[in-house]
Each structure stands twice: as structure tokens, then as C-alpha cells.
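The values are calculated or read from the model by the stated rules, or taken from the named source; none is laboratory data. Everything quoted here is computed from the prediction, not taken from an experiment. Because the Cβ atoms are built from the backbone with ideal geometry, glycine has one as well, and the counts that use them run over all protein chains shown.
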Amino acid sequence: MPDTLFHKVWNAHAVRRLPSGQTQLFVGLHLIHEVTTPQAFDMLRQHGWRVAFPERTFATVDHIVPTTSQRRPFLDVMAEEMASSLERNCRDAGIPLWAEGSDNQGIVHVIGPELGLTQPGMTIACGDSHTSTHGALGAIAFGIGTSQVRDVLASQCLALDPLRVRRIEVNGQLGRGVFAKDVILTIIRRLGVQGGVGYAYEYGGSTVDAMSVDERMTVCNMSIEGGARIGYVNPDEKTYAFLRGRPFAPQGDAFDRAVAWWRQIASDRDASYDDRVSFDAATIEPTVTWGINPGQSVAVTEPIGAAPDDEALAFMGFRPGARVQGTRIDVAFIGSCTNGRLSDLEEAARVVRGHHVAKHVKALIVPGSQAVRRAAEARGLDAIFTDAGFEWRGAGCSMCLGMNPDKLEGQQISASSSNRNFKGRQGSPTGRTLLMSPAMVAAAAIAGEVVDVREMLDAVPA
Ligand code: SF4
């Protein structure tokens, strides 16, 4: 029977059907970090349980690490306690940990693919909502809560409800200045932040086929913001080329055997879906959020629509019918697991080169991992950014959320390449976040206000 990747991978990892109707699913890879694990390990100890598969578990620190200096002990007592407890727990359980100072440290959803841990056909779990990122390589990857982290540590299994599968097709060529971030913001805007509840999102179509694996990660990363439990792209030649030679990917003949298996798990051409939706890439424009959830967005040239959310408008300080374009910003943040990869920094650098950050703007570039930072420095991107007045930081989640020293202050407005514009998300309860692509953030940093990046790119050779 023709089937989808989702069902093939799910069935291959199903241990048994539980009396609750859920499926007990074996987890191939468990990624952990400092925030959602201390209590999970405590619960494990209380029961006298051991970590069942330490060799399938990998740890990093990302959420709480300062990006100016990673010197220990951290000044924030709670951050220091989280980092120390992760170290202790990993040492006791024999789990590899890439702590601050390690060449492989970085945001958990950046380092997994980067190291070749994330592979097609895998089931992956991590105590972070944006685990859906890993679906870009053809894995089915679940963000889980602390008690589920405990379950995976103890049994390497999860009890999960079955999902329906929605095929989201994007076809055609994206215009200049339009990026994967604009695609996923447009998808969430149309389908809604609850539109994906109960679904796995399968992304395809010629636009997605043409995307790099990095771009596919941006799309899959924000599936959760559209309510979907997971998002994925079927593996293809780009996926295999991306993985070849990565440290944890199969090597030599084993890689070729793995590719043969990965080809089989892709959705069959005539697979049936519970729902299908399509988008025309030519109609997607550089997109910005105006509200307090990622579905509240408009094209940068477009006024805020006719059905505004009063609470969101009041919080953000917009009037109905206003435009986000021209909004003065205080902070520009390029980073996060959505847009902190090398290709994101390259796109931003193309906009920044030869310009300077507006005097009133604090502008941060935070690579998603130490490897991204090294690769960017090898290409001279750090110099482009620092010459322009950006701060060049160490790897971490930084201003994606307020769990480290990088925070908005008061009612500051941030142009941000991250994934959530919820109230208080960037560290100040009254801080305001405008989500957009890294190139749009770079353009806003230079102009000091939200602008249409296409106007700046017109001056840059294609
Ligand atoms: S960058 Fe943001 S969304 Fe991604 S893992 Fe860190 S805190 Fe979570």
C-alpha cells in the first residue's frame, strides 16, 4: 500500500498499542539540554531507574548560556545550577555532553543535524517545542515535556496519540528577498496557529524541493507555531549530500546502505493524505508579524488587516489598518534555532555589507552553534557584521527567550529572526517582538525601522 513517510516511520518504531489507544513509540535519538532535564533526572532517581539508552542520548547547553562570556560559574545562580546539574546527570549516566567551551556546543536543534545525529527515518524527541526542526531531514521529531523526558530517559519510548497527515505544497519560485521564514509565516497566517492541531505537516512542492536543507529546517522549525505536532520534508539527494561525512552519520559503505533505506521511507508518490493545502510561492512576500502570536502577520507592504485582535494591537501599539513598515525598532536580533545557521548569517551579511547599524539600535548576531560561528568567521562574516556595528556573540538561544542575560528592556521593540512573538518572550514582560527573516532584520537594523528588504537588495548584485 502506498504510504506517507510519517506512517512508515511511525509503524517501524511502534512497540505496541496501549490500552489508552496511544502508541508506545521507540525513540531513536533523544536530545537533551539544561532546562527540561533536572526534574526528569530527579524523578528517575526517586524511582531508582537508570537511563535505558545513554548511547542514544546527547546533551548540550543552549537556553541559559550567556553569549558574551561562557566563563563558569555563571553569574545567574539558577543558570549555574541548571548547567551543573546537567553535567552531573550526564556524567552519572554516561551521556555525552557538549558544554560551554566545547567545539560542538550550540542550540540543540542546530547541532543535531550539524553533527549528523539527525537522520531520515528516525524518531527523535527533545524537551523543547521546536524539535520539529529535525523533520527537515525526513525524521519525525517530537517536542516533549519534562515528564516525557523522564519517560524517554527511563524507557527510550513515548506514549503518543496517532496523527493525521496534511500535505502542504508550495510551488513556484520565491521572489528576491523572500525566504523560507516568509514561507512558513505565510503558511501559519493562512492555516492559523491552531490549524495544525492533531496533524503532522508534510511539506513539499517545487519551492520546498528547491530549498536547501537549512531552509527546510526553518520551515519545519515553526510547524509547532502552526499547531502541528511535527513537520517534515521527504529526504532527497540534498538530504543525503548534507549528511555525507558528518561525524555521526554512517560512514563508507554503511552510508550507501543507509541511503537505500532512506529512499524507501519517503512518502510514496500516490500516498493519500488526510488533508492537502497548496500555496503559490509567487504570491509570498517578505512577511512581518504585527501581533502576539506568529499567525498575526502581514506582507511588509500590507496594512494590518480588517479583523485585528484588540489585545494584540494594544500590546504592540498598532492602530487597525496601520503598517508595520516604518515602525522604529530598538533591537535587532539574528539567531535562534529558526534562523541561526550559516546560510542565515550569509543572507544577512549580503544586506549589511557596506552599511552601518542605525545609532539608536542595539544589534546582535548570535550563531546557532560554535560550528556556525567558526564557519562564519572563516568566511569573514564576523568582520562584516562588527564593521557595521553589530555585536558578534557566542552560540546559544540568546534573545529568542529571556532565560539568559540577553533580554529586551521595558517596551523595547525587537526585529527578530526567532520564532515566537508571545508577550514577554524576549525577557521583558512589556517587550514587543516583530518576527521576520534574517535579511529583513538586517535591513531593519540599518534603517532603524522596519523596511522592505527588497529595496536594499536592489543595490546588491544578485
Ligand atoms: S532558540 Fe529559542 S526556540 Fe530554539 S531551542 Fe532555543 S529557546 Fe527554544
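Things to note:
- Some residue of the range 380-394 being within 16 Å of the ligand (Cβ to nearest atom) and among the β-branched types (V, I, T): no
- Per-region count, the range 406-429, residues within 14 Å of the ligand (Cβ to nearest atom) and more than 27 Å from V351 (Cα to Cα): 3
- Listed by position, the helices (runs of 4 or more DSSP H) contained in the range 102-213 that have at least 3 residues being in contact (Cβ under 8 Å) with a residue 12 or more places away in the chain, more than 25 Å from S343 (Cα to Cα) and β-branched (V, I, T) are 146-155.
- Single residue of A254, A314 found to be out of contact with any Phe, Trp or Tyr (no Cβ under 8 Å at 6 or more places or on another chain), in a helix (DSSP H, G or I), outside the structural domain of L435 (by TED's automatic domain parsing) and exposed (fewer than 15 other Cβ atoms within 10 Å of the Cβ): A254
- Just one of the listed residues (L115, L97) is crowded, with 16+ Cβ neighbours inside 10 Å, away from the ligand (no atom under 15 Å from the Cβ), closer than 18 Å to R373 by Cα and not β-branched (V, I, T), and it is L115.
- Check on A83, within 15 Å of I144 (Cβ to Cβ) and of a type in the set (G, A, S): no
- The range 363-390 residues that are in the same structural domain as M440 (by TED's automatic domain parsing) and touching a residue at least 40 places away in the same chain (Cβ under 8 Å), paired with ones that are among the charged types (D, E, K, R) and surrounded by fewer than 17 Cβ atoms within 10 Å (Cβ to Cβ) (beta carbon under 6 Å, 6 or more apart): L364/E391; Q370/D103
So that you can scan it fast, the table gives a plain yes or no per residue for (1) free of Cβ contacts under 8 Å to residues at least 12 places away in the same chain; (2) buried (at least 21 other Cβ atoms within 10 Å of the Cβ):
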residue: Q24; (1), (2): no, no
residue: R45; (1), (2): yes, no
residue: R50; (1), (2): no, no
residue: T60; (1), (2): no, yes
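- Answer residue from the range 33-68, given it is assigned to a helix (DSSP H, G or I) and among the charged types (D, E, K, R) and is nearest to the ligand (Cβ to nearest atom) among those: R56
- Elements of type helices (runs of 4 or more DSSP H) contained in the range 335-426, each with 2 or more residues being among the aliphatic types (A, V, I, L, M) and modelled with pLDDT of 95 or more: 342-352, 370-378, 381-387
- A single entry from E285, E225 fulfils the requirement of being in contact (Cβ under 8 Å) with a residue 24 or more places away in the chain, surrounded by 21 or more Cβ atoms within 10 Å (Cβ to Cβ), closer than 28 Å to L345 by Cα and of a type in the set (D, E, K, R): E225.
- Residue in the range 332-350 that is surrounded by fewer than 24 Cβ atoms within 10 Å (Cβ to Cβ) and of a type in the set (V, I, T) present: no
- Qualifying residue in the range 304-312 (condition: free of Cβ contacts under 8 Å to residues at least 60 places away in the same chain and touching a strand residue (DSSP E or B) at 6+ places or on another chain (Cβ under 9 Å)): yes
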